[in-house]
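Everything below concerns the one structure shown next.
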Amino acid sequence: MSGTAAPSTAALGRRVLAFTRRRFLALLVLLAPGAAAGAALWPRDLPAPASNGSNGIPPGDPTTSPAPTAGTPVSWAFGVDTTRCIGCGRCVEACKLENGVPFNPECNRTWVERHAVDADGTEYVDSPHAGIDGFPPLSTAPGAATADIQRSWFMPRLCMQCENPPCVGVCPVGATYRTAEGVVLVDQDRCVGCGYCVVACPYGARYLIPAGASSPMGSAGVADKCTWCYHRITAGREPACVEICPVGARIFGDLSDPDSPIQAIVDQPDVSLLRPDLGTEPRVYYVGLESEVA
């Protein structure tokens, strides 16, 4: 027997209660005819859970989420210049290290894709291990090795932090929410792992933490996503991926500030948004996209 004291009966009872409560809620969500029915099952007068440790992410109550500076409105936005990105993958690694994201290939708050187009206009997209180790000379996409590739470019991906986020509307327990300044976060103490938000996101920016891949940011089975490093930007710092980028392909700033570096991105003639037709109003601005990317 090890020297660690055995948990008390009361402690074991609390663990069992927490486990069965989460499983019970998950079952109710799955049995409900829709997200609205699932939401009705959640006791809305339940006190908001505590913040997730020291990561600076507030509990799931948009009315109590702090603004970066009291009384100072912000309009944060993210810029990506695909003409600069070299596919080094340092942004992906920095994100995982900064936010405690598991190094499993399927767990990514941000990732880099390589798009390649052949002579017939066929587009091939690959992202080996989310681009964290860079890219081999030839595309790993099926059929690309024998294709007559004419041009290619790298495209960083992340949460769009939409003005009209579909992930918020489908969450049956209020675990996905927007802060006072418009950043979409996940309260992982409330998340029941139903996966509705993962399906609802049209940009593929969400995932469920797989079994055996728990991290400081959440336990297995709960949803995770890019937060634009909320704990950093509310402290006046840049997101980790922006800070680490060696070529300035990622830009972050405040659209309400005329001197912010993001202005240089949104004012470019070839700036575009991903899938504006969906009505989500994404806040990530891309420069140099050569095709429509979902």
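A short reminder: the numbers here are calculations on the coordinates, not readings from a lab. Since the structure is predicted, the reported quantities are computational estimates derived from the model, not experimental observations. Every residue, glycine among them, receives a Cβ derived from its backbone with ideal geometry; neighbour counts consider all protein chains shown.
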So D148 and D118, fully extended at 0.36 nm per residue minus their Cα-Cα distance, gain in nm 10.3 nm
Per-residue HN-Hα couplings for region 173-184, Karplus 6.51 cos²θ - 1.76 cosθ + 1.60 at θ = phi - 60°, whole Hz, x for Gly and Pro? 10, x, 6, 9, 8, 10, 7, 4, 9, x, 8, 8
Among V192, T179, A264, whose Cα sits farthest toward the positive end of the charge dipole of region 176-294 (+1 at Cβ of Lys/Arg, -1 at Cβ of Asp/Glu, about the Cα centre)? V192
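Do any GluC sites (Glu not before Pro) in region 218-294 lie in a DSSP loop with no more than 11 other beta carbon atoms within 10 Å, and if so, which?
Values: sites: E243, E290, E292; in loops: E290, E292.
Answer in residue order: E292.
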Only residues of region 138-176 count here: report those whose backbone N is under 16 Å from the spot 7 Å along Cα→Cβ of E290, or say none. 138-141, 144-145, 147-156
Under the rule of at least 5 residues apart or a separate chain, name every residue whose amide H is placed under 5 Å from the amide H of E238. none
May I ask which residue of A145, A249, Y207 lies farthest towards the positive end of the charge dipole of region 138-294, with charges of +1 (Lys, Arg) and -1 (Asp, Glu) on Cβ and the Cα centre as origin? Y207
Order by protection proxy (mean Cβ within 10 Å, highest first), peptides 266-274, 221-229, 234-242, 166-174: 221-229, 166-174, 234-242, 266-274
Computed ³J(HN,Hα) along region 153-166: with the Karplus parameters 6.51/-1.76/1.60, θ = phi - 60°, integer Hz and x for glycine or proline, the list is 7, 9, 9, x, 10, 6, 5, 7, 6, 5, 5, 10, x, x
Using θ = phi - 60° and the Karplus curve 6.51 cos²θ - 1.76 cosθ + 1.60, what whole-Hz ³J(HN,Hα) does each residue of region 134-149 get, with Gly and Pro shown as x? x, 10, x, x, 9, 4, 8, 5, x, x, 6, 4, 9, 7, 8, 5
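Taking neighbour counts of Cβ atoms within 10 Å as a proxy for exposure, in what order, fewest first, do R157, R275 appear? Before the final figure, lay out each step's value.
On the way: R157 23, R275 14.
With the sparsest Cβ surroundings first, the list reads R275, R157.
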